[in-house]
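Only one structure is covered here, and it is reproduced in the block below.
The values are calculated or read from the model by the stated rules, or taken from the named source; none is laboratory data. All values derive from a computational prediction rather than experimental measurement. Glycine gets a Cβ as well: all are built from the backbone with ideal geometry, and neighbour counts include every protein chain shown. In case anyone asks, the SASA skips ligands and DNA or RNA and just uses the protein heavy atoms, side chains included. Shrake-Rupley method; radii C 1.70, N 1.55, O 1.52, S 1.80 Å.
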Amino acid sequence: MFYISHYSSPMGKITLASQHNKLVGVWIEGQKYFGQMLNANKKEMANLAIFNQTKHWLDDYFSGKRPAISQLTLAPQGSEFRHMVWDILIKIPYGEVTTYGDIAKQIGSKINKPRMSSQAVGGAVGHNPLSIIIPCHRVVGANGNLTGYAGGIDKKIWLLKHEKVKMLHFESKCSIAI
């Protein structure tokens, strides 16, 4: 059984999902792969402790504070490879970005593989079920180009602006000043 609740953000409605009082989903309305796992049994339950903690975390984030991810009990569902990617995403500092290629190199190094596919990393990033909290918006393409974002490129730009990432220009393919 999954429990769901909703949060009104400056970017629009966000759906939260939990299972066993752990956060398993945070999706921006209209997000690609939105709530895939929620095709199972689900029930609205607005006042679970994990939802109250998550809403407080999101309030802090949207007010410009930098809440620690460790404040929340996360349980994203995915393969071992996806978890490796998400663990790297969690370590990207607020207001900074990294590239798919850099993540691929880190994973290749961890598993003793000389080459790792940036596209495979992109797939794992795109299927991150905890948007904003696991900061997949902080991943950009080579040379700082913005690439797809499951929540929509406009939301990725909004989040990067909110975190005051220095952008050269805000278009669908913009570059990051590094």
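Determine how many Å³ per residue the convex hull of the Cα atoms of region 80-163 encloses.
Cα convex hull per residue, to the nearest whole number: 81 Å³.
Prolate is the label for region 1-124, because the ratio a/c of its alpha-carbon gyration tensor axes (a ≥ b ≥ c) is 1.5 or higher and a/b is greater than b/c. Straight-line cross-link reach from K164 at under 16 Å between alpha-carbon atoms covers these lysines, not counting any fewer than eight positions away in the same chain: K65, K155, K156.
Rounded to whole numbers, the Karplus 3J(HN,Hα) couplings from phi for region 69-83 are 4, 5, 5, 10, 8, 9, 8, x, 9, x, 5, 4, 4, 4, 4 Hz, using 6.51 cos²θ - 1.76 cosθ + 1.60 with θ = phi - 60°, and x at Gly and Pro.
Shape class for region 2-71: oblate, because the ratio a/c of the largest to smallest gyration tensor axis (alpha-carbon atoms, square roots of eigenvalues) is 1.5 or more and b/c is at least a/b.
Could you give the size of the charge dipole of the chain about its Cα centre, using +1 on the Cβ of each K and R and -1 on the Cβ of each D and E, expressed in debye and rounded to the nearest 20?
Details: 21 positive and 11 negative charges, 48 e Å.
For this selection, approximately 240 debye.
Ranked by the mean number of other Cβ atoms within 10 Å of their residues, highest first, the peptides 129-135, 41-47 fall in the order 129-135, 41-47. The angle between the Cα long axis of helix 100-110 and the longest principal axis of the Cα atoms of the chain comes to about 90 degrees, rounded to the nearest 10. What percentage of the solvent-accessible surface of the chain, computed with a 1.4 Å probe over protein heavy atoms, is contributed by carbon and sulfur atoms? On the chain, the fraction of accessible area on carbon and sulfur atoms equals 50 percent.
Here's the picture: charge each Lys and Arg Cβ at +1 and each Asp and Glu Cβ at -1 in the chain, and of I14, V125, L160 the one pushed furthest to the positive end of that dipole is V125.
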